[in-house]
Amino acid sequence: TNPGFVVRITQAGLDYAHQHGITILEKELAQLKLPDMSGDSRVGRVGKVRYELSRLRLRDFHLPYSRITPISNVGLQVSISNAFAELDGDWRVKFLFVRDHGSFDLKAENVYIKISLRLGSDAAGKPTVSTSECSARISKVRVLFSGRLGWLYNLFHGAIESRFRKILEDKICDIVDKSVRNELQKFVQTLPVTARIDAKTGIDYSLVAAPRATAQFLDAGLKGEFYSLAHRSTVPFSPLPLAFPSDHDRMVYFGASSYFFNTAGIAYHEAGALVFEITEDMIPKDSRFSLDTSLFSVFIPQLEEMYPNMPVKFRLSTPTAPFLTIGPGGISLNPIVDAQAYAILPNSSLAPLFLLSLVRNVSAVINVRSDRIVGSLDVGRIRLSLKDSAVGTFEVRTIQSLMNILTSKILLPRLNARLDEGFPLPLLDRIQLSNILVRFYQNFLLLGADVHFQPR
């Protein structure tokens with residue numbers, strides 16, 4: 001299944017996310033707890049050195065050099081090099097009749113860590129991430145003991161360094177796995193797979209497959225489908241594949257297909273949200289006319305006889321969901337609107353007068369504000385035709401100017417006010433967008449942006 005909406009994270013975006021991830025991992029590693037240690041180190045045939053290490057405290061754990069790489073068909077790989085850690089503690093030793101104690105400092109240098117992350121999706125369509133592989137290697141461990149008996153420390157020096165190396169290597173991967181589980185996995189699960197827009201519609205942003213890594217970027221294919229909250233039906237067409245350009249200047253790109261926008265038309269149509277009524281109180285004051293039967297008496301004389309001086313109401317609705325096309329020139333659509341005119345009788349009941357079919361060329365302007373897609377519509381001249389009449393036939397071009405005023409001055413501002421509220425983008429928690437780019441391609445709209453993460 002092709003996605004209706006694609007999120008692409010470029011290498012620049014991965015690097016930015018990686019910086020924050022490494023900062024978190026550094027803090028986690030700095031809280032690493034080491035157990036007390038004791039053991040024996042045999043000294044030839046003379047005997048054993050008995051040592052005890054206690055109150056081990058990790059002072060610092062630094063990860064100065066690291067990089068993240070997308071690995072095709074696998075996921076992500078994080079490589080950390082030249083990391084180092086410093087800790088201290090107390091020691092006590094017994095050898096033959098000699099006993100001593102003091103404190104020590106330890107430095108682990110040239111620490112190399114390799115982490116492989118597996119990307120997937122759960123049953124709800126939310127992304128998942130887990131550690132598929134972790135290895136840690138420490139090239140150098142140095143222990144400095146305080147005290148005066150240098151020859152004594154040398155007797156167990158090597159054994160302690162070897163034990164510290166093994167313990168630290170194991171603990172590092174334990175911390176990595178815990179950090180991925182408790183931090184990274186919880187964070188990626190903040191992706192909203194459904195976004196309620198208003199009282200009538202929502203958007204399905206669930207993953208259609210596991211995120212896909214290539215050598216240059218990470219792609220997440222989302223369903224990208226609007227739906228009616230009251231009744232969700234099957235969309236009668238499928239999304240087309242999106243041919244993303246090779247432009248990778250931004251951290252993240254959103255590909256919103258024509259399928260995405262056209263399901264919005266279906267959802268709003270099914271929810272009954274594309275019905276608008278125009279009454280006298282909505283007429284702009286500078287229009288200098290009243291919306292009543294006398295307005296139409298010049299070209300429909302019989303109307304004034306049948307319903308003299310009665311207010312008129314128009315109910316505008318779409319017989320079918322509007323369908324738009326996206327191309328390099330932008331977004332365009334030719335919606336068909338039925339305009340049913342009624343006379344409002346003294347008892348407030350409605351008498352149908354005539355039914356017009358309105359067709360307009362409409363273009364759309366799309367942008368991103370904060371975390372939402374926003375837009376506005378611009379309309380061309382209306383083409384009118386008479387579909388039905390209860391007051392006899394008449395020349396529809398005679399009311400062309402009136403319908404232009406009603407749609408341009410009343411209907412269009414209402415639609416644009418709704419579009420200005422926008423529709424939420426699928427963003428993880430605490431992510432803000434900047435440096436927005438908007439481009440049109442065949443069958444989809446491309447939104448590019450840089451990312452700012454706001455820590456708690």
Take the residues in region 257-294 that are in contact with a strand residue (DSSP E or B) (Cβ under 8 Å, 6 or more places away or on another chain) and among the aromatic types (Phe, Trp, Tyr), then tell me which one is farthest from Ser228 (Cα to Cα). Phe276
Here are some residues: Leu168, Leu119, Leu144. Which one is within 22 Å of Leu53 (Cβ to Cβ) and assigned to a strand (DSSP E or B)? Leu144
Enumeration of residues in region 364-389 that are open to solvent by 50 Å² or more (accessible area, probe 1.4 Å) and within 30 Å of Arg430 (Cβ to Cβ): Val365, Asn367, Arg369, Ser370, Asp371, Arg372
Which of (1) over 30 Å from Leu29 (Cβ atoms); (2) outside the structural domain of Val438 (by the TED database) does Asn182 not meet, given it meets every other one? (1)
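Would you mind finding the one in Gly21, Gly4 that is of a type in the set (Gly, Ala, Ser), assigned by the TED database to the domain that holds Leu168 and on the phi < 0 side of the Ramachandran plot?
Numbers: Gly4 fails: assigned by the TED database to the domain that holds Leu168.
Every option except Gly21 fails the conditions.
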Go through region 306-320 and give me each residue that's over 12 Å from Ala343 (Cβ atoms) and open to solvent by 30 Å² or more (accessible area, probe 1.4 Å). Arg315, Ser317, Pro319, Thr320
Those residues of region 50-83 which are of a type outside the set (S, T, N, Q), open to solvent by less than 50 Å² (accessible area, probe 1.4 Å) and within 21 Å of Glu161 (Cβ to Cβ) amount to Tyr51, Leu53, Leu56, Leu58, Phe61, Ala83
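Can you tell me which of Leu437, Leu419 is under 13 Å from Asn367 (Cβ atoms), hydrophobic (A, V, I, L, M, F, W, C), part of a strand (DSSP E or B) and open to solvent by less than 50 Å² (accessible area, probe 1.4 Å)?
Selected residue: Leu437, the only one of Leu437, Leu419 that is under 13 Å from Asn367 (Cβ atoms), hydrophobic (A, V, I, L, M, F, W, C), part of a strand (DSSP E or B) and open to solvent by less than 50 Å² (accessible area, probe 1.4 Å).
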Here are the criteria: (1) surrounded by fewer than 17 Cβ atoms within 10 Å (Cβ to Cβ); (2) of a type in the set (Ser, Thr, Tyr); (3) outside any strand (DSSP E or B). Tell me which single one Ser130 does not satisfy. (3)
With the checklist (1) surrounded by 22 or more Cβ atoms within 10 Å (Cβ to Cβ); (2) of a type in the set (Lys, Arg); (3) within 30 Å of Val396 (Cβ to Cβ) in hand, flag the one item Lys285 doesn't pass. (1)
Among the residues of region 314-360, write down those that are within 25 Å of Gly265 (Cβ to Cβ), without any contact (Cβ under 8 Å) to a residue 60 or more places away in the chain and in contact with an Asp or Glu (Cβ under 9 Å, 6 or more places away or on another chain). Arg315, Ser317, Thr318, Pro319, Ala321, Gln340, Leu355, Leu356, Ser357, Leu358
Within region 1-14, restricting attention to residues that are open to solvent by 40 Å² or more (accessible area, probe 1.4 Å) and not hydroxyl-bearing (Ser, Thr, Tyr), which residue is nearest to Leu207 (Cα to Cα)? Asn2
I need the full set of residues from region 153-189 which are farther than 30 Å from Leu87 by Cα and open to solvent by 50 Å² or more (accessible area, probe 1.4 Å), in order please. Lys186, Gln189
Among the candidates Leu303, Leu324, Leu355, single out the residue that is open to solvent by 30 Å² or more (accessible area, probe 1.4 Å) and of a type in the set (A, V, I, L, M). Leu355
Taking Ser130, is it at pLDDT 95 or above and touching a Gly at 6+ places or on another chain (Cβ under 8 Å)? yes
Which of the residues spanning region 15-49 are crowded, with 16+ Cβ neighbours inside 10 Å and in contact with a Lys or Arg (Cβ under 6 Å, 6 or more places away or on another chain)? Leu32
Given (1) open to solvent by 30 Å² or more (accessible area, probe 1.4 Å); (2) modelled with pLDDT of 95 or more; (3) in contact with a Lys or Arg (Cβ under 9 Å, 6 or more places away or on another chain), Asn361 misses just (2)
So which pairs qualify, if the first residue must be in region 117-129 and farther than 25 Å from Ile22 by Cα, the second must be surrounded by 15 or more Cβ atoms within 10 Å (Cβ to Cβ) and of a type outside the set (Asp, Glu), the Cβ gap must be under 7 Å, and the two must be at least 6 apart or on different chains? Asp122/Thr128; Ala124/Val193; Ala124/Ser206; Gly125/Val193; Gly125/Ser206; Gly125/Leu207
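The values are calculated or read from the model by the stated rules, or taken from the named source; none is laboratory data. Source: prediction; values computed, not measured. Note: ideal-geometry Cβ built from the backbone for every residue, glycine included; neighbour counts use all protein chains shown. For the accessible areas, the whole protein counts, side chains as well, though only heavy atoms, and no ligand, DNA or RNA atoms are used. Shrake-Rupley method; radii C 1.70, N 1.55, O 1.52, S 1.80 Å.
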